[in-house]
Amino acid sequence: MTTPLNWPESLWTHSAPDEVENPPLTNHLTADVAVIGAGYTGLRAALALAEAGLSVIVLDAGDVGWGASGRTGGQVNPMMPFNSPQRIKELVGERIFETLAEQSLNSADEVFDLINTYQIDCQARQNGWLRVHHSKAAQKKATTDIANWNAVGANMRIVERDEVVAISGSRAYRTGTVNPRGGAVHPLMFVRGLASAGKARGVQIFGQSAVTGLAKAGAKWAATTQGGSVTSEWVVVATNGYSDGLVQGLASSVIPITPIQIATDPLPPDIIDEILPEGHTISDSRRVIMYARREPDNRMVYGGHGECDKQGNLSGFDWLVNDAERVFPQLRGVTWSHRWGGRIAVTEDHLPHLHEPQQGLIVGLGYNGRGVAMSNVMGRVMAERILGATPETLPFPVTKIAGIPLRNLKMIGMKHVIRWMKFLDYLETR
Ligand SMILES: Cc1cc2nc3c(=O)[nH]c(=O)nc-3n(C[C@H](O)[C@H](O)[C@H](O)COP(=O)(O)OP(=O)(O)OC[C@H]3O[C@@H](n4cnc5c(N)ncnc54)[C@H](O)[C@@H]3O)c2cc1C
């Protein structure tokens, strides 16, 4: 894991109740399953496995929620971004498409049900997700997409300009789409809640325990950290955008990118009452999207694309503040108290990937920035596989780990592509 551990603190660290850190691994343990990565994917898998009576040890280089799961925008929005249903069908085939589409459409409900089942205190609210369209072309494309998704069971509706203005508080958009199943959580409280539910069922969690070696030990696996090791029948790798050389080829199968976020101080009623008054989460249709939400303490959280240099310094915040104040002019002059970011994994086909490179080794990652709901589906599905489900019955195709062609070049070029896309967005939103 090469990411610096000194990234700026998120709003979520500030607003979640204090938590005792999980100790590092200091000896040699055995378990049925070792899970590498204590984000939503790993902890959801751990919880499902512990519920089934298996012994589970979770190892994280940082701690619970140190990765994207504790830094995310926390929008629990269903469906997978970027691909139309037709394209997904072409990519995964008819049979898998049906279950994948169903599970992705149900994914937000699944998260809210999970929160309810385990009574996770994480400010969960399912007030709907508003996606707003910035241009005539985006509006046209959205109309086709909605018809296609509604035909396979989504329940979305177009909202016209007046309603968009009323429920967003922004005059920057033409029309929008409401998906009533979307919502939001306090992301760090949610991931910690998953960890607590797992612990209550026997899951052991170790922080500051980067796995530096993963090798066969007879018929089992050994995951080694600086302080100890875990021997297990199965290993779940849930390292997403922080994947490195631990599993051969995995890092090259995704492109890591760095969304960033900013949050205001709590805002007075004359400002906040106008913005997202019905509590929707919001995102837009630009090539370089924005996403925002309103907090129970009347802060606004606004997110978009950022950059991270080789030293780990995050940038893009000034652009984001300007954009937030353009979309919501009510925010001009307010104090932006928190700025932070995290890392996500983008896949070449824009689908989540499930791999089983060797017997007993299973990997799930690649949610393309829409992972709060889908990572929970992936974690549950990986647990089902370990508990005996055959690969053919899973909602994700079990694929070989494949490197992204010209990945290095794409990563170098990404900065310029993003700038170009921002320019095109700018022309369309003037
Ligand atoms: C700023 C930001 C905003 C986002 N907003 C949204 C949103 O609003 N809605 C949405 O749906 N999605 C959003 N996402 C994406 C979503 O947060 C992620 O898809 C999701 O959290 C991925 O969860 P995960 O458990 O797979 O990975 P992560 O939470 O990233 O967890 C991976 C973990 O693996 C650990 N790790 C890595 N290597 C090792 C190793 N060798 N040994 C031990 N541990 C290791 C890391 O420390 C990390 O904790 C956002 C992401 C970011 C960064």
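All of the numbers you see were taken from the coordinates with simple rules; none came from a lab. Since the model is a prediction, treat every value here as computed from it, not as a measurement. Glycine gets a Cβ as well: all are built from the backbone with ideal geometry, and neighbour counts include every protein chain shown.
Observations, loosely collected:
- Estimated FRET transfer efficiency when R0 is 22 angstrom, pair Glu51-Glu21 (beta carbons, to 0.05): 0.30
- Ellipticity estimate at 222 nm from DSSP helix runs (n ≥ 4, -39,500 (n - 2.57)) divided over the chain, nearest 500: -10000 deg cm²/dmol
- Between Glu102 and Thr117, the contour length at 0.36 nm per residue exceeds the alpha carbon distance by 3.3 nm.
- The Rg/Rh ratio of region 301-360, with Rg taken over Cα atoms and Rh as the Kirkwood radius over Cα pairs, comes to 1.18.
- Counting every alpha-carbon pair across the chain, the share separated by more than 28 Å comes to 46%.
- Alpha-carbon Debye profile of region 104-154, log10 I(q)/I(0) at 0.24 Å⁻¹: -0.94
- Cut-off 14 Å (backbone N to label point 7 Å along Cα→Cβ of Arg326), residues of region 256-299: 284-291
- Under Stokes-Einstein, with the Kirkwood radius over Cα pairs as Rh, the value for region 65-104 at 10 °C and 1.306 mPa s is 135 µm²/s.
- Compactness of region 67-152 was expressed as the Cα radius of gyration divided by 2.2 N^0.38 Å, which yields 1.27.
- Percent antiparallel among DSSP beta bridges (both partners in the chain, rounded to 5): 65
- Compared with the dominant Cα axis of the chain, that is its longest principal axis, helix 187-200 is turned about 30°.
- Enclosing the Cα atoms of region 138-187 in their convex hull gives a volume equal to 104 cubic angstrom per residue.
- Amide hydrogen neighbours beyond the local backbone of Val159, cut-off 5 Å, H modeled: Gly176, Thr177, Val178
- Applying 1/(1 + (r/R0)^6) with r as the Cβ-Cβ distance of Arg430 and Thr335 and R0 = 22 angstrom yields a FRET efficiency of 0.20.
- For region 1-136, a Kirkwood hydrodynamic radius built from all Cα pairs, placed in the Stokes-Einstein relation at 10 °C and 1.306 mPa s, yields a translational diffusion coefficient of 88 µm²/s.
- Placing a pseudo-label 7 Å from each Cα along the Cα-to-Cβ vector at Thr144 and Leu91 gives an inter-label distance of 1.8 nm.
- Geometric extent, Cα atoms of region 312-430 - Rg, Dmax (angstrom): 19.4, 57
- Along each principal axis, taking the top coordinate minus the bottom one, the Cα set of region 136-289 gives 65, 39, 28 Å in descending order.
- In this calculation the C-beta distance from Gln248 to Thr30 is compared with R0 = 30 Å, giving a FRET efficiency of 0.75.
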